[in-house]
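Accompanying notes for the structure given below.
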Amino acid sequence: MSKQLAKDLSNLVETELLKGALPVRDGTRINIGSYSIKPTDEGYSVMSYKEKCIVAVTYSKVAALATAKLLAKNSSNKTLESVQQLDRVVAKHHTDCQFYKHTLKVATNPVTLDSTATRYDISKRTELEARDRLKSFIF
């Protein structure tokens, strides 16, 4: 019985890998179908092995994974634009959170501390919501 179960699991993994549904880590790269995600200084690049060019550059890894998965499934351009827009939201609010953290460390005025803490909370929540929406494209 366990041999049959192992064989079924092996067949499932092989068929899903051929479809490009499962990501495969190869060193610093992540491959999904015919697309490869590679970290860069600015974020992550999504490269197509078929076209041999970079098809997208993202700020976050989750956006790169979503882009590669959607491209492997041949999704519409509108969906890809949604992923790019959400990635810009993540980038903006992540940068804002870094600024607000620094301000909270160096500020002494209680009004500044209070308003900065509020702005930090809003930016962090917005960033996490955008990341969750990006994850919905992956799963």
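Against the criterion of being closer than 22 Å to Phe139 by Cβ and of a type in the set (Val, Ile, Thr), Thr118 does not qualify. If the condition is being modelled with pLDDT of 95 or more and buried (at least 20 other Cβ atoms within 10 Å of the Cβ), then segment 68-88 contributes Val83, Leu86, Asp87.
The values are calculated or read from the model by the stated rules, or taken from the named source; none is laboratory data. Nothing here was measured: the structure is a model prediction, and the numbers come from that model. In this analysis, Cβ positions are derived from the backbone assuming ideal geometry, glycine residues included, and neighbour counts consider all displayed protein chains.
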